[in-house]
Amino acid sequence: MKNVVVGILPQIKLKTSDDPYDDKYEFIDLYSRKIIESGAIPFGICLNNGNLDYRSLEICDAFLIPGGNRVHRCYYEVIKYAIKKNKPLLGICLGLESLAIFSIVQEHLRMDANINDFIRRYNILKLKNFGSLLSKIKSPNIHGDVTVNYDNIDYARHNIVIDVNSLLYTIYEKEEMSVVSLHSYCPKWIGPGFNITAKASDGVVEAIEYDSKEHFILGVHFHPELEEDNLIFNRLNEEGLKRKKYL
């Protein structure tokens, strides 16, 4: 297949009731729409009772971890896989938080450690850090104290400052830009191997990147799927095409 296949991680709802038909994997149309507009093909990565099947990852040339309300263990597995296989990955909102937590936990592990070792270390670090590796953003919150619809997206806007030496800068070619932000948490810190490449005026992290010129692993706290431009999704497609030639 000539087109890049972008694997999208779902929001997972399992064991929320006694009804087996309440167990669901959910995908948001906005992400697949943007991926299709970029020329790539969206592929929803479904699981087996919450467990990742690595055969589905082999189908994908790139990955997207979208926004949501809970980080799942499979997100960390996909991040590790993307780094190991040098497949591009874009994390949005919760996706950035997944990358941040991964960077913190992975510092204490070998890269070949399995997911069970990762989760054990994660739980230890959570206990040492008051139950979470994320911090609630203090009020007043410029990062999303609004429920957006198609008519009021601009209510959730604020400016960010971008590192000129970053991947993000090569995408937007701006040192400062206006973004739509809908998050209430921020990483307490970023582990080695990743760099903070954009911040809001209150110091909240708005972008992080894997510290390797050979990779394209980028997390943004803002929501590019709500913008008219398609720059970041076009770049994800381009990075997938670049590596697809050598698979």
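Which far-off residues, 5 or more places away or on another chain, put their amide H under 5 Å from the one on HIS158, with H placed in the peptide plane?
Under 5 Å from the amide H of HIS158: VAL179, SER181.
Using the Cα centre as the reference, give the magnitude of the dipole from point charges on the C-beta atoms of the chain (Lys, Arg: +1; Asp, Glu: -1; all else neutral), rounded to the nearest 20 debye. Mind dumping the intermediate values first?
Numbers: 30 positive and 33 negative charges, 205 e Å.
Rounded to the nearest 20 debye, it is 980 debye.
Just tell me the longest site-free run in the chain, where the sites are GluC sites (Glu not before Pro) in a DSSP loop having at most 11 other beta-carbon atoms within 10 Å. Provide the component values of the computation, followed by the final result.
Values: sites that count: GLU173, GLU214, GLU228.
Maximal segment without exposed cleavage sites: 1-172.
Put +1 on the Cβ of each Lys and Arg and -1 on the Cβ of each Asp and Glu in the stretch 36-90; which of ASN48, TYR76, ALA62 then has its Cα farthest toward the positive end of the dipole?
TYR76
I'd like the Karplus ³J(HN,Hα) series for the stretch 3-13: coefficients 6.51, -1.76, 1.60, θ = phi - 60°, whole numbers in Hz, and an x wherever there's a Gly or Pro.
Values, residue by residue: 6, 6, 9, 9, x, 9, 7, x, 7, 10, 10 Hz.
When the Kirkwood hydrodynamic radius is evaluated over all pairs of different C-alpha atoms of the stretch 162-230, what value in angstrom, to one decimal, is obtained? Could the numbers behind the result be given before it?
Details: mean 1/r = 0.0788 Å⁻¹.
Mean inverse Cα-Cα distance, inverted, gives 12.7 Å.
Using only the heavy atoms of the protein chains and a 1.4 Å probe, how would MET177, MET1, MET111 rank by accessible area, largest first?
On the way: MET177 20, MET1 155, MET111 85 Å².
Solvent-accessible surface, decreasing: MET1, MET111, MET177.
Counting other Cβ atoms within 10 Å, keep those with at most 13, restrict to DSSP loop, and tell me which chymotrypsin sites (Phe, Trp or Tyr not before Pro) in the stretch 162-244 are left.
Values: sites: TYR169, TYR172, TYR185, TRP189, PHE194, TYR210, PHE216, PHE222, PHE233; in loops: TRP189, PHE216.
The qualifying sites are TRP189.
Which value in deg cm²/dmol, rounded to the nearest 500, describes the helix-derived mean residue ellipticity at 222 nm for the chain, given -39,500 (n - 2.57) per DSSP H run of n ≥ 4 and division by the residue count?
Numbers: 7 runs with 75 residues, N = 247.
It comes out at -9000 deg cm²/dmol, rounded to the nearest 500.
Once the cut-off is 14 Å, how many percent of the Cα-Cα pairs in the stretch 201-247 end up in the long-distance tail? Working shown, then result.
On the way: 678 of 1081 pairs.
Tail of P(r) above 14 Å: 63 percent of Cα pairs.
How large is the Kirkwood hydrodynamic radius of the stretch 35-155, counting all unique pairs of alpha carbons, in Å?
Details: mean 1/r = 0.0611 Å⁻¹.
In the stretch 35-155 this quantity evaluates to 16.4 Å.
Taking the Cα atoms of the stretch 106-187, report the difference between the largest and smallest coordinate on each principal axis, in whole Å and largest first.
44, 31, 22
Name the residue from TYR155, HIS108, PRO192 whose Cα lies farthest towards the positive end of the charge dipole of the stretch 106-247, charges +1 on Cβ of Lys and Arg and -1 on Cβ of Asp and Glu.
So the residue furthest toward the plus end is HIS108.
Using a Debye calculation, one point per C-alpha and no hydration shell, please list log10 I(q)/I(0) for the stretch 102-247 at q = 0.17 Å⁻¹ in order.
Each listed q corresponds, in turn, to -1.10.
Just how large is the dipole of the stretch 137-204 about the Cα centre, in debye to the nearest 20, putting +1 at every Lys and Arg Cβ and -1 at every Asp and Glu Cβ? Don't skip to the answer; put the middle values down first.
Details: 5 positive and 8 negative charges, 57 e Å.
Charge dipole, the stretch 137-204, about its Cα centre: 280 debye, nearest 20.
So in the chain, what percent of DSSP beta bridges are antiparallel if you round to the nearest 5? Before the final figure, lay out each step's value.
Values: 24 of 38 bridges.
Just about 65 percent of them are antiparallel.
The values are calculated or read from the model by the stated rules, or taken from the named source; none is laboratory data. These figures come from a predicted structure and were not determined experimentally. Every residue, glycine as well, gets a Cβ built from its backbone with ideal geometry; the counts of neighbours run over all protein chains shown. When the accessible area is computed, the model is the full protein with side chains, heavy atoms only, and any ligands, DNA or RNA have been set aside. Shrake-Rupley method; radii C 1.70, N 1.55, O 1.52, S 1.80 Å.
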